[in-house]
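Data first, discussion second: the structure below is written as structure tokens.
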Amino acid sequence: MVNAVAQRPARRGVMIGVAAAALGLLAFAADAVEAITVQAIVTALVSSGLAWGLAAFLAGWTGTGRRGAMVGATALLMAATLVYYMLILLVSRRWSGGYLADGSSADWYGLRSVAVMTTAWLLVSMVAGPVLGLLGQMTRTTRVPNAALAAGAACGLLSGQGWQQVATAPPWRLWLMGNPDGDYVRGILVVELMGVVLPFAVLAWSATRRRLWHAWPALFIAMAGTATLSALFWYVLPTAVTWLH
């Protein structure tokens, strides 16, 4: 008889692999959506910092120990990143077919861009994965004060991209500018609300599950601090990407 304890890591590894493949495939599929408004909403659901960060948090939540939670969440993000960029490299091949000003092929620059972005997001995964995995595990298993801090910190990290979008490109600015495309404005509003509201829904779920509401000061202090740091990261990211290219 196969030892049941030995089966658990293998079963969890398969689940992490399946989740990573699904995450990478969904992110790749989101790129193929042509309608701008629909693409923005789909991207927010399956190919955003919130979507991938939530997957890492849940991987940590289901972990059997701190080390397992951190390793599982990191493996999930790294594998999903590899799946996504391998699909770009081999299937869509959107890096190929361009030409430089002198008429020569720009494929080398396209491949370089894919390699640079893959490396960059793998490095981000190596930092975000252990953090979100540990926060997920702590939220589920530690005593209330620490669990409240972990849940609040996770909510802040997950909502940072949404807060950054609201701060730098508030949808009401489009109305003030007289933007004629009402569907586009409504789509942007939906995306930005999702980026802020969904992390709060995760916080409400975890806080209710663990009965953390009486520790609300710790929840919201941790959330405010990590949301600020996360928003700063997403604000700086476009500049870093431009510099890498």
Task: Dipole magnitude (debye, nearest 20) for the chain, charges at Cβ of Lys, Arg, Asp, Glu - done: 1240 debye
Open item on the list: Could you put TRP163, TRP216, TRP61 in order of accessible surface area, largest first, with the 1.4 Å probe and the full protein assembly present?
Closed with: TRP216, TRP163, TRP61
Open item on the list: Quick one: 3J(HN,Hα) in Hz for region 51-63, Karplus 6.51/-1.76/1.60 with θ = phi - 60°, rounded, Gly and Pro as x.
Closed with: 4, 6, x, 5, 4, 5, 4, 5, 4, x, 4, 8, x
Open item on the list: For the chain, what does the helix formula give at 222 nm: sum of -39500 (n - 2.57) over DSSP H segments with n ≥ 4, over the residue count, nearest 500 deg cm²/dmol?
Closed with: -28000 deg cm²/dmol
TODO: Decide, for the chain, between rounded, prolate and oblate: order the square roots of the alpha carbon gyration tensor eigenvalues as a ≥ b ≥ c, take rounded if a/c falls under 1.5, and otherwise choose prolate if a/b is larger than b/c, else oblate.
DONE: oblate
Open item on the list: Using a 1.4 angstrom probe on the protein heavy atoms only, could you order VAL236, VAL83, VAL114 from most to least accessible area?
Closed with: VAL236, VAL83, VAL114
Task: Choice from ALA79, ALA222, ALA32 with maximal GNM fluctuation in the chain (Cα, 10 Å cutoff) - done: ALA32
Open item on the list: Just to verify a number: what accessible area does TYR235 come out at with the full protein assembly present, 1.4 Å probe, Å² rounded to tens?
Closed with: 140 Å²
- [ ] Leaving ligands, DNA and RNA out of it, rank ILE88, ILE188 by accessible area with a 1.4 Å probe, largest first.
- [x] ILE188, ILE88
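The values are calculated or read from the model by the stated rules, or taken from the named source; none is laboratory data. Just so it is clear, the model here is predicted, and its values are computed rather than measured. Glycine gets a Cβ as well: all are built from the backbone with ideal geometry, and neighbour counts include every protein chain shown. Calculation scope for accessible area: heavy atoms of the full protein, side chains included, ligands and nucleic acids excluded. Shrake-Rupley method; radii C 1.70, N 1.55, O 1.52, S 1.80 Å.
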